[in-house]
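Everything on this sheet refers to the single structure shown next.
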Amino acid sequence: MPTMSEVAEADQGTVIRVAKRWSGLIILVAVLFAIVGAAAGYSQRTHTAMAQVSLANPIALSVSPSSISSSQAAQTVANETQYLESNPVKLAAQQSLGNNSASVTFATVTGSNIVDVTASAKSAKTAAAIADGFANAYVSIRTTDISQELKAAEAQIQSQIDAVTTQIKPLDATLAAAGTASAAQLQLITAQIEPQRTALLAQQQTLESQLNNLTNARILNNADPSVVATATPNKSSGLSGLLVYAVGGGLLGLLVGLALGLLLDRRYGRIRKEADVALSGAAIPFVVAVASTTRGRRTAPTPADVTRTYRRVAGELMHREVPGSTFMVAPVGSTVRSSEASSGLAQSVAAMGWSVGLIDTDLDGPALEREFGTDLQPGLSELLDEESVDPANVDFPAVGPDGAITLVPAGVSTDTARIRLLGPRLPAVVESFAKRSRMVLLRAPSQDSVGTAVLTGIADAVVVVGVIGKTLRRELEDAVQEFAAAGVPIAGILLLSPERPPGNGPVSPATPGDPTRISS
């Protein structure tokens with residue numbers, strides 16, 4: 001089904017046409033959604049209750065509370081509010097309430113650390129219990145957390161005091177031992193030790209002051225949260241939202257109805273559009289699909305189906321009115337099966353008595369040698385690497401019916417071959433095979449590759465290859481438009497079956513089948 005964004009992006013003419021054609025469906029869906037919305041609004045009668053909680057104040061545990069800035073205090077309120085809304089508090093509240101679910105919202109009272117906890121439920125008593133449950137759960141959890149934080153902070157400061165005391169003791173011992181020395185030696189030792197001892201004593205005093213601050217904060221209880229006010233239920237919202245829900249449901253129903261209309265119109269439009277493409281001989285001479293002859297249900301094509309389809313396409317290519325017999329077999333979309341199409345067409349053309357030069361130009365994705373069980377070398381890359389080599393003097397494998405297909409695999413890809421693929425060498429190689437064969441088929445790489453762009457300047461026409469049920473209609477149309485913009489005539493469109501058949505089928509005479517329209 002089209003998404004709401006697709007409905008919004010549809011052009012105005014399409015929307016108006018769909019709205020007129022499917023007005024009955026759209027109105028019916030809108031009415032149904034309005035009824036559902038009204039029922040939902042009626043069922044949303046709720047009671048609300050609000051409790052107030054004073055947030056925890058961890059900065060009160062600071063060793064220097066007076067140094068806390070207003071921005072730090074505001075950030076503390078924001079952090080504690082997030083904690084109040086967190087899963088630990090929610091789980092604790094639900095556990096105390098017996099997993100009673102309700103809508104709970106939180107709002108900070110401006111300029112304070114107090115938060116309003118508002119709960120909604122079907123009954124006033126339940127709403128009050130839920131609001132109090134969340135407030136009490138937060139107070140319980142954060143009180144425990146702060147107690148643990150205080151203990152950890154006190155232990156850390158006490159360990160620092162102990163460490164300083166340990167450093168002071170040897171200094172005191174050194175000064176005591178120097179009491180028997182001469183006045184000059186005593187003065188020298190004192191000058192060396194006393195500054196360090198004085199600094200350690202000051203550090204010890206600071207740490208003890210910090211420890212006292214933490215202890216006082218704990219005694220004064222100015223860091224712990226507390227429940228300021230328990231929940232008081234409000235009146236039921238009644239039926240005030242009924243109209244809003246009904247109108248909202250009706251508007252949503254209009255959009256859904258329009259989306260359904262676009263879907264149905266798209267499907268029917270697609271069938272008509274495909275029929276137009278299949279019959280528009282001026283732009284696309286043929287659209288043929290490898291499909292089963294079984295009507296009414298989709299089944300895997302038999303070898304006879306495959307043979308019939310390829311014979312049909314081969315006949316179209318062999319009897320074209322436009323001169324030229326060098327065809328590029330170009331795949332469309334992410335499902336690339338151009339090797340299957342190229343080998344099937346070559347075998348069908350050869351079975352009908354023509355000699356065929358079959359060249360794999362996909363240097364980075366060679367595949368034709370696997371179709372015929374031959375070696376990867378010698379191949380096209382060797383011809384591109386060695387410009388002095390005449391293709392007529394290379395012993396390429398002869399495959400297919402009566403060996404009428406001269407197969408040129410892609411070969412082992414090299415940097416030199418990739419570079420010369422863009423130069424004049426490739427047209428010269430193709431021309432050499434065109435002189436010796438009645439038809440040349442060029443297996444092209446993916447449509448967006450550089451190699452395909454080069455082939456558009458060599459081929460006399462292109463056979464566009466897609467896969468039924470996988471190649472998008474938009475992809476097929478874009479490919480046809482791009483090839484037309486490059487000046488390459490479209491010889492036709494070949495659609496492969498979703499499941500690859502076990503081989504290309506026996507190559508034997510068969511009556512051509514009717515072109516099969518594109519299937520979604």
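Averaged over residues, the count of other Cβ atoms within 10 Å places the peptides 363-371, 169-177 in the sequence 363-371, 169-177, highest first.
Projecting the Cα atoms of Phe396, Leu363, Gln377 onto the dipole axis of the range 320-429, where Lys and Arg carry +1 and Asp and Glu carry -1 at the beta carbon, places Leu363 farthest toward the positive end.
Across the range 111-116, rounded Karplus estimates of 3J(HN,Hα) from the backbone phi angles (6.51 cos²θ - 1.76 cosθ + 1.60, θ = phi - 60°) give x, 9, 9, 9, 10, 7 Hz, Gly and Pro being marked x. Of all DSSP beta bridges confined to the range 280-496, the antiparallel ones make up roughly 5%. Here the simple spin-label model places points 7 Å from the Cα toward Cβ, and for Lys125 and Thr165 these points are separated by 5.9 nm. Here each label is just a point 7 Å from Cα along the line to Cβ, and for Gln192 and Thr105 those points are 7.4 nm apart.
Using Cβ point charges alone (K and R +1, D and E -1), the dipole size of the range 280-496 about the Cα centre works out to roughly 1080 debye. Listed peptides 121-131, 156-166 appear in the order 121-131, 156-166 once ranked by packing, highest mean of other Cβ atoms within 10 Å at the front. The fewest-to-most ranking of His47, His319 by surrounding Cβ atoms within 10 Å reads His319, His47. Summarising the label geometry, the points placed 7 Å from Cα in the beta-carbon direction at Asn87 and Glu499 lie 4.4 nm from one another.
Every read-out reported here was derived from the displayed coordinates using simple, explicitly stated rules and does not represent laboratory data. Bear in mind the structure is a predicted one, so any value in this text is a computation, not a measurement. For neighbour counting, all protein chains shown are included, and Cβ atoms are generated from backbone atoms with ideal geometry for every residue, glycine included.
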